[in-house]
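The values are calculated or read from the model by the stated rules, or taken from the named source; none is laboratory data. Keep in mind it's a predicted model, so treat the numbers as computed, not measured. Positions of Cβ are backbone-derived with ideal geometry, glycine not excepted, and every protein chain shown enters the neighbour counts.
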């Protein structure tokens, strides 16, 4: 890790609530965050950490929220301002949103892969296969977590250009990515419940690649099916119940570098705190090859500001969980 990089709240199994709270404070009140807030003409919020997090949520919604509809996976989002590129990119790098970092341990109980847009699903499954083969021994399973979110027209064009066919949803792409990256053809076990509604349905496919841990591709039902589809937290909790996640299990999670801070803190809240497991989160190395050729998206300063805001909101939710009661 770079010596100037701001450390995320700790994820090693057994990390105390006091240490997690201290980690939130250290990241939120770090110089890069303070400098960004000052540059955009805002005063630092008064009060304790609860008040600071609330104030930063309001401020970042006004100045750093560049999405049209709040959907983290909607491509082509609007960019209404031109943030200073140098300042934002330096802050993003120091806050851990830019560079891929190798796993810190040689072994883990489980390896989690988070879904996303089609290109991300293919890159992350390929990177997970590489880690499982060469860098991170897994004693439990590789779990690939997605949803029944329908693919957009742009995602379908990406898949067509890559020669990947037969995909209608995010979990379809993850399944295709697993087959390509892990060299498997048919699941050893397949379960699920169609339920007649994508927000209530779930599916689980388990593959057993030779010489590697089992690989489960999972789509969970929504915890609020009348309001929305399943999100990452729903799928993580659903997976934890299926795998019987235990206190002390060390879990390695794979996403994109830009999402590491916010998804790490979400996993601390949904997995580490209730189950007592460890969470380490790494981003896909952009230099790593995917199983098929897919384009790497362009990340603008606005995108980085958006995900710094996402990290702040995730830390606010984690802080609320840690201080509840």
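Against the test of being out of contact with any strand residue (DSSP E or B) (no Cβ under 9 Å at 6 or more places or on another chain) and surrounded by 20 or more Cβ atoms within 10 Å (Cβ to Cβ), the options 118, 136 yield a single qualifying residue, 118.
When the test is whether a residue is in a loop (DSSP other than H, G, I, E, B), under 19 Å from residue 128 (Cα atoms) and in contact (Cβ under 8 Å) with a residue 12 or more places away in the chain, residue 285 passes it. Got at least one residue in the stretch 187-201 being over 20 Å from the mean Cα position of the chain (by Cα), on the phi > 0 side of the Ramachandran plot and assigned to a loop (DSSP other than H, G, I, E, B)? The answer is yes, given that some residue of the stretch 187-201 is over 20 Å from the mean Cα position of the chain (by Cα), on the phi > 0 side of the Ramachandran plot and assigned to a loop (DSSP other than H, G, I, E, B). Of the residues making up the stretch 212-234, those that are modelled with pLDDT under 95 and over 20 Å from the mean Cα position of the chain (by Cα) number 4.
The listed residues are 217, 164, 184, and the only one of them that is within 26 Å of residue 262 (Cα to Cα) and assigned by TED's automatic domain parsing to the domain that holds residue 266 turns out to be 217. The one condition from (1) modelled with pLDDT of 95 or more; (2) part of a loop (DSSP other than H, G, I, E, B); (3) within 20 Å of residue 234 (Cβ to Cβ) that residue 167 does not meet is (3). Taking interchain pairs and intrachain pairs at least six residues apart, which have beta carbon atoms under 7 angstrom, with the first residue in the stretch 41-52 and within 21 Å of residue 317 (Cβ to Cβ) and assigned by TED's automatic domain parsing to the domain that holds residue 24 and the second modelled with pLDDT of 95 or more and loosely packed, with under 10 Cβ neighbours inside 10 Å? If the second residue must be modelled with pLDDT of 95 or more and loosely packed, with under 10 Cβ neighbours inside 10 Å, no pairs are left. Of all residues in the stretch 235-279, which are surrounded by fewer than 19 Cβ atoms within 10 Å (Cβ to Cβ), touching a strand residue (DSSP E or B) at 6+ places or on another chain (Cβ under 9 Å) and modelled with pLDDT under 95? Correct list: 242, 243.
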